[in-house]
Every structure is written in C-alpha cells, then in structure tokens.
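No lab work stands behind these numbers, since they all come straight from the coordinates. What you are looking at is a predicted structure, and each value in this text was computed from that prediction instead of being measured. Cβ sites come from the backbone with ideal geometry, for glycine too, and all protein chains shown count toward neighbours.
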Amino acid sequence: MVKQTKNLIYLILPILCISVFVTEDAFAQKNELKESFRTAKDHTLNGEYRQAIIIYDEILKDQPNNIQALKMKGLSLNNLDEHVSALKQYYKALQIDPNDVTLLTATGVSFGSLGEYQEALIYFNKAKNEDPNSEVINNYMEFIEEFVSKYPYKPTSKNQGFSIDKGNIPKWITITTNWWIENEITDEKFFNNLDYMIERKMIKVPKEQIIEKTNNLKSMSLIKKELETWTEKQSSNRIFFKNIQWLIDNKIIDVNIEKTQQELDYDKFQFNKYLRDIENNMIKERRYIEFPNPSEEVIKKFLRDQNKWNYDQQVILSSSHFPDPTYEIINGTYFITYKAFINEQPRSLPLDHAYTLKNAFEFWENQDLKVKGSDARMIFETINEKEQATVWITWVVRNIGEGVLGHAHLGKGVVEVALGDYNCDGKFQLYDIKTLETIMTHELGHTVGLHHTNDRNNIMYPSMTPSYAYCIAD
C-alpha cells in the first residue's frame, strides 16, 4: 500500500521589507492575510467555491491588485463553470504579470471551456514558452489539438485593432533601413534608432496576436534581405513588422513601451466585447464543447459504471482465494510466473496506461530477488480470463482509505491503482503518467511478496506526493 503525502502549499504573498522596523500591526496584517488564504484554500479543497470567492473578494477590497487573489478567484469561478467571469479575473491579473504560467494556463482552459480552442492554444503556447517542460500544459495542448482535428469549428473573430498594411510607419524609416542594409550605419545605431522610434510611438508595432511570433534563429543577413524586399515595395508591411517583432522578442531591441490609460481602457473594452461575442456565438451556433480538462468526463463515467472496476467482494477476498503463481527452477534460479488480468480503463481516459503498466512489469522482471535463499526472476503474462489470474489489476478513484493511492494483497490477489483524487482544487483530477507508474510498480512489488522499506529512494517506500495531469491550481 502506498499512501499519499499531502503537500499543502498555501498561497502567501511575498513581503518586501523596506525597513528594519516592522510594526506589530504589519505582522498582524500579514498573518491575517495568510489565514485568509488558508481558509479559502480549505473551502476550495472541499469544493466550496462560493465561500472561497467571498474571502478573495474581501482581500481584493483592500488590495485590488493582489495577483494571487485574482488568480484564485478566477480558478474558483472556473470550477463553477463561470468561465467568462473567470477570464475577467485572469485578464486583470495578466496586466500585472503577463508571464505568470498558472494564469496563462488557466486562461487557456477557460477559453477552451467556451469552445474557443484557437484562442486557448495561443495562451497555452505562451505558457509553454515560460515553462517548456510542464506536463500539464503539454497534456492540455495535446487534448485540444486532437479535439480540433476531429471537430473543426469557426472561431469567434476578434477586433484586430491596428491595421498591418496601413500601419504607422513614417516614410523616412525606409531611408534609414536602406542605410542599414547598405552598411552606411552600424547595427547598433540602427537598432537604437528603432528603439527610440518605437518607445515614442513613431513606429506603432501591431498587437502580438496579429504578428506571427517565432523564436527560430535568424541571421542579420536574412533580416536585411527580408527588409530589403520591403524597402523596394516587393512585400507588405507585415514583413517589416515581423522582423521588428523578432528583434524585440529576442532582446536585440530593448523596448519599454508604456501604454496610456486610454489605451489600457480600450484594450479592456475590446476584451470584454470579445467575451460577449463568444457568448452570443455559443448560443447561435449551439456549439459543441468538449471540456478541456478530461478529468471531469473520466470521473462521471467511472462513477456511472463503478462496479466494472471495483467489486467489493473481490477486494475483500484474501489473496488465498486466488490461484498460486507457477514457477520452475532452472540452474538453481526460480522463474515465477504471474498471470495478470488488467481491467479495462474508464471511457474517456486520455492517458493510456498500457505502456505504464508494461514498464512496471519490466521493472520487476529485471530485478534480482531471492526466494528461499535462491535467486528468483519474475515473469508477468497478461491474460483475458479473470478467473485464472493470480493478479487482478483494477482502477479506483474512490477513497479506499485516507490518503491511500493504491492497495495490493501480499503475494497475489487484487491490485488497486488510483487514477486521481480530489486534493488539487476540490474537483477530481487525474494523476500524471509518472505518478501512475510509481503507484503501479509499488503495488506490484507487494504482489511479488515485498514489504515496505524505510529507504526513501526505494520503490517500496510507503508514501509519495502525487503529481497531476491537468491540475492548474497545484
């Protein structure tokens, strides 16, 4: 049996110390804020999202730019399926920190929940640029890309604002660019000129959704060649802006553009209008929407057909009721064969654990074990008849004990492997592949007769902290 180590991370804002003297009142405020987040977290884990939102609203009254409160309020609204309201919270928070991975991922999830998969992928791509190794982001992207390939749809149009081909490019910029192409001015001087002109809005770069952003490597000679076609009017302004955007993205031009309040208000207006248009299109089109977190569909279908996976009488049975594994001795080594029946996985489960289980089998088949003082090797064979199985592997999402991730009889019998739990944000969330493989391997260790160990680096250590496949609040 492997138990879950609960890793409760309470959301506490960092405190910037600007003085060596901190008043008791400041300590009290800090502790009060910490307690408020802790209480809201507890409400969230219990699925009490409305109560959590009340607490976040109280925090936001005093600290309207508290990014953590905005983020968590948005996640609570998302769990209530109020995705438009959630997006408005994420929008506010992204104005404060546009590179926050959790915010970008959550925004992608909410847009996906409204059936705007193209917009969702834009935000997932931004999140992936910040955290390329995130399994959660990759899982969401794979799921949505697969869905869109099967069910094409028409995305809601957005107000593009600034026109690419009628952009604000003074004519003399062409002359300056030609000087650079012909090496009459240095790279540094040309880039400094561009920096100066962009910051003072003499050149207006379109919003990033208009320009295709790319991090592909470019040479200065290629940029010069593309801009040369532009100066000769053989290409549109898009070529100019694409290259300028690349120079900005790769920090060759260090631009710091402050938007006016009027521009900020206009951006917010356009965003809210976009959300209203999405809502209208959802009604008009009777849009088919596949919720982008597959955990929800898995738990619904699992609970509907729970007896398929969990026969209480089977679980209660002692391992003595199962047939014994067979063995033969070759050159003094025991070769022990276990016949494994693998229960079907719940429908809509996006993570196929067939290879995960295969890896767990191979792990134990490659171990050097001892039986009665002699060497022993394990062999696992999968069969289709449960009655002949010495090991029956099945899936659970129900509680089989507080914090228990899996269960197995010692030596033979039922092996239960938990697919996920409710400890991320109060909703059921699937574990990721690595967590499932660890649980499977551990429980199969009991099947071959091994007990727990005190060695934290050993697969038979009795506890672990699971990771989730689609949890954005963890």
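Amide H to amide H under 5 Å from Gly449: which residues, 5+ apart in sequence or cross-chain, H placed 1.01 Å off N in plane?
Gly411
Based on the alpha-carbon gyration tensor of segment 57-123, what equivalent-ellipsoid semi-axes (square roots of 5 times the eigenvalues) come out, in whole Å, largest first?
On the way: eigenvalues 81, 35, 11 Å².
Over the Cα atoms of segment 57-123, the ellipsoid semi-axes are 20, 13, 7 Å.
So for segment 383-474, Kirkwood radius off the Cα pairs, Stokes-Einstein at 25 °C and 0.890 mPa s: how many µm² s⁻¹? Intermediate results must be reported in sequence, preceding the final value.
Values: Rh = 14.0 Å.
Calculated translational D: 176 µm²/s.
Could you calculate the FRET efficiency of Phe335 with Arg456 from 1/(1 + (r/R0)^6), where r is the beta carbon distance between them and R0 is 41 Å, rounded to 0.05? Kindly include the intermediate steps, with their values, before the conclusion.
Numbers: r = 31 Å, r/R0 = 0.76.
Taking R0 as 41 Å, the efficiency between Phe335 and Arg456 is 0.85.
For a quick protection proxy, order the peptides 382-390, 454-462 by their average other-Cβ count within 10 Å, most packed first.
Details: 382-390: 13.8, 454-462: 11.4.
The packing order, highest mean first, is 382-390, 454-462.
Sequence-distant or interchain residues sharing an amide H contact under 5 Å with Val415, placed H: which?
Placed amide hydrogens put Trp392, Ile393, Thr394 under 5 Å from Val415.
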